[in-house]
Amino acid sequence: MVTKTEETQLNRLENQVDNGGGGAWEYLCLVRKLKVRRSEKVLKHGLSILNDLKQRSSLGSDEWTLYEQVAVAAMDCQCLDVAKDCTKVLRKRFLESKRVGRLEAMLLEAKGSWELAEKAYTSLLEDNPLDQAIHKRRVAMAKAQGNISVAIDWLNKYLETFMADHEAWRELAEIYVSLQMYKQAAFCYEELILTQPTVPLFHLAYADVLYTLGGLENLQTAKKYYSSTIDLTGGKNTRALFGICLCTSAITQLTKGKSKEDKEGSQLQSLAAKVLEKDYKQRAPDKLPQLTTALKSLTLSS
Amino acid sequence: MGLALIVGLLGLLILFHAAYSTIQYRGLLKITEEEFSGPPFDVVIELFLGLLLCFWAALTAPGKFLSIHPHSEDNRIVSLPANLDFMIFNHRGKAFPVEMDLKLRQ
């Protein structure tokens, strides 16, 4: 998970490295640790370290990690020559390695030769049928080819064996959302919240899915999860604040005919609106009129 | 850091002195054949002083306290990591090749 401090540190280092201030290795380490996707920058700065013999030898055994990182980044940027060279160097060093085998198969994937890649993954899985990374690669490959239903099948099968893998749950949830299968996506997000209850972004995504599903009960649950997101982020999440406002107005619209007065809900909405106004005043004063009209229309429609 | 260390050492010295005084006091009691019910009042004061100094030093010397609240500015999660295990290369980046002629020199 990327926290606020880590994000600012990453941005600072990125600025520093881009302007030639040094610290490229620290930057690459941070990128690896936070698992962010900055392929172009990793490729550029990683290669400059690898091509400098003095810098490279000072890394010691971390050199090989860097080769791997640069190879994957090069595949992502479609610099297949660089990726090929890096894999070759790694293969020369680690003759029998499965990890390099995976890298080679990924290179085939990047080239678009799906059948060869599939064959390579199958043979790797025969050696070690419990290799999680390779199972995941096969899912990704199905997704890259556009066979979303196959990807879903494989992910489901994978999750039967490795139920604690939250990354796979997240991927499945995102695939379901992209297919507008919100009920299934909601199930995946429930699973994610169960495994990592302190990550506000899962609460937020779950609330989003429930709000999209609609219906009084779902809306009320969505509001609760938006509130828990606010609780976990200390009210700094703009999306959750907007979610509260939208949910409340949708709920009042649905219960308009009934005499049930939801006092707590309107209070929550006015609080959220106040925080939003304050936030906009501080960070984007020129967009404040737009915000006030949007909030007014929400309360008027109820 | 330096100040905290000195204060901590001073606190330790005071504690040791208090222990020494208590032992001496017990020795004295043995000579006068009285029952030991507790250290004398000035030793108790000394003990508390040493404790306080040690406390203060132990809380300041090791460094700053970090927040454990999930919503604090340090721990607030702002984004999820990219799901790199499921990364696919078949994306629109293909249409925008990197313009630099990058090469790995052996």
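The values are calculated or read from the model by the stated rules, or taken from the named source; none is laboratory data. Being a predicted model, the structure only gives us computed values, none of them experimental. Neighbour counts run over all protein chains shown; Cβ positions are idealised from the backbone, glycine included.
Structural remarks
- Residue match in the stretch A:180-194 (condition: more than 10 Å from chain B (Cβ to nearest Cβ) and either within 30 Å of A:Gln78 (Cβ to Cβ) or in contact with a Pro (Cβ under 8 Å, 6 or more places away or on another chain) (or both)): no
- Just one residue in the set B:Leu59, B:Leu66 is modelled with pLDDT of 80 or more and outside any loop (DSSP other than H, G, I, E, B); that residue is B:Leu59.
- Meets criteria (in contact with a helix residue (DSSP H, G or I) (Cβ under 6 Å, 6 or more places away or on another chain), within 11 Å of chain A (Cβ to nearest Cβ) and not in a loop (DSSP other than H, G, I, E, B)) for B:Val78: yes
- Listed by position, the helices (runs of 4 or more DSSP H) contained in the stretch A:1-78 that have at least 3 residues being touching a residue at least 12 places away in the same chain (Cβ under 8 Å), within 20 Å of the chain's Cα centre (by Cα) and within 8 Å of another protein chain (Cβ to nearest Cβ) are A:62-76.
- All positions within the stretch A:109-137 that are hydrophobic (A, V, I, L, M, F, W, C) and out of contact with any Lys or Arg (no Cβ under 7 Å at 6 or more places or on another chain): A:Ala110, A:Trp114, A:Leu116, A:Ala117, A:Ala120, A:Leu125, A:Leu130
- Selection of the stretch B:1-47 for residues being of a type in the set (S, T, N, Q) and either within 30 Å of B:Lys64 (Cβ to Cβ) or in a helix (DSSP H, G or I) (or both) yields B:Ser21, B:Thr22, B:Gln24, B:Thr32.
- The residue list A:Gly234, A:Gly215 contains one member that is in the same structural domain as A:Tyr280 (by TED's automatic domain parsing), at pLDDT below 95, more than 24 Å from B:Pro70 (Cα to Cα) and not acidic (Asp, Glu), which is A:Gly215.
- Index of the failed condition, A:Glu68 passing every other in (1) surrounded by 14 or more Cβ atoms within 10 Å (Cβ to Cβ); (2) over 24 Å from A:Tyr27 (Cα atoms): (2)
- Checking the stated criteria, B:Asp42 turns out not to satisfy the condition of being within 14 Å of chain A (Cβ to nearest Cβ) and either within 37 Å of the chain's Cα centre (by Cα) or among the hydrophobic types (A, V, I, L, M, F, W, C) (or both).
- Residues that are small (Gly, Ala, Ser), touching a residue at least 24 places away in the same chain (Cβ under 8 Å) and within 18 Å of B:Glu73 (Cα to Cα), drawn from the stretch A:213-247: A:Ser228, A:Gly235, A:Ala240
- Single residue of B:Leu53, B:Leu9, B:Leu49, B:Leu15 found to be more than 8 Å from every other protein chain (Cβ to nearest Cβ), of a type in the set (A, V, I, L, M) and surrounded by fewer than 15 Cβ atoms within 10 Å (Cβ to Cβ): B:Leu9
- Test result for B:Val78, under 30 Å from A:Met1 (Cα atoms) and either surrounded by 15 or more Cβ atoms within 10 Å (Cβ to Cβ) or hydrophobic (A, V, I, L, M, F, W, C) (or both): yes
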